[in-house]
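One structure below.
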Amino acid sequence: MNKLTKKNYIGYGFGDLANGLTFGMSATFLLAFYTDVLGITAAAAGTLFLVARIWDAINDPIMGGIADKVFSKRVKNAKDQGKVIEKFRPYLLKGSWPVIIAAILMFIAPKGLDGTQKLIWAYATYILWGMTYTFINIPYGGLAAVMTQDTAERSKLSVSRGLGGLIGAMVTRIVVPLLLVQFSDNEAKGYLITMIVFGGITFLSYLYSYFNVKENIVIQGDTNAKFKFSDIFSVILKNRPFLAVSLASVAMLTGLLIQGSMNIYYFRENLDALELMALTGLTAIIPMLFVSVIVPKLVKNYGVKKTSWVSSLISALIFALLFFLPTSPWIYLGGTLIASVFMMIPNMIVWGMVSDCIDYNQYLSGTRQEGSIYGIYSFVRKMGQAFAGFFSGIGLSIVGYIAGADMQTTGTLLGIKFLTIGVPAIAMFIAFIAYYFIWNLTPEKQKEVIDTINNSNNNKGDLND
C-alpha cells in the first residue's frame, strides 16, 4: 500500500474546507437569516430544521448504498478486471456545482411573499441544499477509508479534514459578522453577496481536493455489496465502537451547533458586542492549529479511547464553569478558547475512528461497505444536526426571544446564555460517557481486525487469479 504524501493530506483537507463554507453558513447564520431577514418565526424555523434534517438523514445511508452499488456495477461492467476503478473521488467533481447553487438559493429572500410562501421557499431551498450536500459529502467521507488502512495515517487524514472543515466554518464566523455590520441597512444583500463569494471559493477547493487525493485500497473479490436500511440496526447492535462514535457525535454536534447558532444572539443581546463575534473565529482557529500538531502524538501515545474521553471530560467541566462566571465578552472568548482546545481533540480524530468502525464492521460481517457504513454514520450526525436546529429555534421561543426588540428580558438573556454555554457542557459530558464506557477497540484488537481483513482480501485475490 502506498504511503500518503503531504499533498494527499492537504488535498483531503481542502474537501472539507469546501464543505465547511456552505455548512458553516447554514449552521451559524441560517436561523438568524430566517428570523431577521426572511421574516419567519424562530419556532417555525426550528421545526423546519428538524423536519428537513430528518429527511436529509434518511438520504445519507441511501446515498452510501448508492455509492456502493454504482461501484459494484462499474467493476462488473469493466472489461479489464485488473483496472483500478475509483469509488468515491469522482463525486468531488459531480457534486460540487449542485451544492453551491443550492447554498446560494438558500440565502435569497424573495420579495412579496406572504408567511406561508416564505415557509415554502425556506423548506424547498434548505431541503435542496441538504440533498446536494449529501450527494458530495457521503462519498467524500468514505474516501478516507480507501486511502489508507494505517491508523497513524488515518489520524492525520482526520486532522487534515478537521482542520479544513474548521477553517471553512471559521471563515464564515469571521467574515459574515463584519459584512453584516457594513450592510446593516440591507442584511439580505450582505448575506447573498457573501454566499456567492463563498460559492466560488468552495468550487476551487473541491477542484483542488479532486486533483490531490488518491484511492489506494483496492477491494478484491466480490464487490456486490447490497445495502438495506435495516443494516442501521445490525451495525448498532454488533459494532460497539460505532455505537460509541455515534452517541458522542450526536451529543457533540448538538452542543457545538446550538452554540454556533446562539453566538449571534449571545453577542448581540447579552454582550451588546456583535462586532466581537468575529473573534470567535480566532478562538476556534488557534486551538485547531495547536491541536492539529499534538493529536497524532496523543493518539500514538495514549490511543484514541483515552485521548477522546479525557479531552471530552475536561471540555465539559470548563463549559460548566464558564456558565457560572459573570457575563462578559472577554470572559466568554477566553473561556471558549480554552474549552475549544479540548473539544477539538475528539472532533478532530472522529473521522479516523469512523474508518476504524468500517474495518470492524468488515471484521464482523465479512463484507466491506464503506459507503453504506459511512452513510449510516452520517445519518446519525444529521440527527444531531436536526436536534440542534430544532432546539435552537424552539429554545429561543421558550426563553421568550422577540426579534427586533430593543432589549430582551432578564429571563430571556439567561436562557440564551444557557443555550450558548450550558448545552455544550452537557453535550461534552455525554461524549465522555460514550468514549469511556462504550468504545472497546483496543490497539491489540485493532491489529487483529486489520490482519484478518488483509488475509481475507489476499485469499479472495488468489481465488480470482
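The values are calculated or read from the model by the stated rules, or taken from the named source; none is laboratory data. No experiment lies behind these values; they were computed from the predicted model shown. Cβ atoms come from the backbone with ideal geometry, glycine included; neighbour counts cover every protein chain shown. Only protein heavy atoms, including side chains, enter the accessible area calculation; ligands, DNA and RNA are left aside. Shrake-Rupley method; radii C 1.70, N 1.55, O 1.52, S 1.80 Å.
Just one of Leu396, Leu337 is surrounded by 24 or more Cβ atoms within 10 Å (Cβ to Cβ), modelled with pLDDT of 85 or more, more than 24 Å from Leu247 (Cβ to Cβ) and not polar (S, T, N, Q); which is it?
Of Leu396, Leu337, the one residue that is surrounded by 24 or more Cβ atoms within 10 Å (Cβ to Cβ), modelled with pLDDT of 85 or more, more than 24 Å from Leu247 (Cβ to Cβ) and not polar (S, T, N, Q) is Leu396.
Considering only segment 258-306, state which residues are among the hydroxyl-bearing types (Ser, Thr, Tyr) and either open to solvent by less than 40 Å² (accessible area, probe 1.4 Å) or within 22 Å of Gln385 (Cα to Cα) (or both).
Ser261, Tyr265, Tyr266, Thr280, Thr283, Ser292
Would you point out which residue out of Gly375, Gly393, Gly303 is closer than 20 Å to Phe23 by Cβ, of a type outside the set (Phe, Trp, Tyr) and touching a Pro at 6+ places or on another chain (Cβ under 9 Å)?
Gly375
Only one of Pro177, Pro98 is surrounded by fewer than 17 Cβ atoms within 10 Å (Cβ to Cβ), part of a helix (DSSP H, G or I) and either among the charged types (D, E, K, R) or touching a residue at least 24 places away in the same chain (Cβ under 8 Å) (or both); which?
Criteria check complete, one pass: Pro98.
Please verify whether Thr194 is of a type outside the set (Gly, Ala, Ser) and within 26 Å of Ile62 (Cα to Cα), treating the condition exactly as stated.
The answer is no for Thr194.
Write out, first by first residue and then by second, each pair whose Cβ atoms fall under 6 Å of each other, whose residues are 6+ apart or on separate chains, and whose first residue, in segment 253-272, is over 18 Å from Ile331 (Cα atoms) while the second is at pLDDT 90 or above and part of a helix (DSSP H, G or I).
Listed pairs, sorted by first residue: Thr254/Ala427; Gly255/Val423; Gly255/Pro424; Gly255/Ala427; Ile258/Leu419; Ile258/Val423.
Yes/no matrix, rows are residues, columns are (1) farther than 18 Å from Met343 by Cβ; (2) part of a helix (DSSP H, G or I); (3) in contact (Cβ under 8 Å) with a residue 12 or more places away in the chain:
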| position | (1), (2), (3) |
| --- | --- |
| Ile402 | yes, no, no |
| Phe429 | no, yes, yes |
| Leu441 | yes, no, yes |
| Lys445 | yes, yes, no |
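With respect to Ile120, determine if the residue is open to solvent by 10 Å² or more (accessible area, probe 1.4 Å) and either outside any helix (DSSP H, G or I) or in contact (Cβ under 8 Å) with a residue 40 or more places away in the chain (or both).
In short, no.
Could you look through segment 106-117, keep only residues that are assigned to a loop (DSSP other than H, G, I, E, B) and of a type in the set (Gly, Ala, Ser), and pick out the one that is surrounded by the fewest Cβ atoms within 10 Å (Cβ to Cβ)?
Per the stated criteria, the residue is Gly112.
Open to solvent by 50 Å² or more (accessible area, probe 1.4 Å), modelled with pLDDT under 85, farther than 26 Å from Leu38 by Cα and out of contact with any Phe, Trp or Tyr (no Cβ under 9 Å at 6 or more places or on another chain): does that describe Lys156? Working first, answer last.
Details: open to solvent by 50 Å² or more (accessible area, probe 1.4 Å): yes; modelled with pLDDT under 85: yes; farther than 26 Å from Leu38 by Cα: yes; out of contact with any Phe, Trp or Tyr (no Cβ under 9 Å at 6 or more places or on another chain): no.
Spelling it out, it is not the case that Lys156 is open to solvent by 50 Å² or more (accessible area, probe 1.4 Å), modelled with pLDDT under 85, farther than 26 Å from Leu38 by Cα and out of contact with any Phe, Trp or Tyr (no Cβ under 9 Å at 6 or more places or on another chain).
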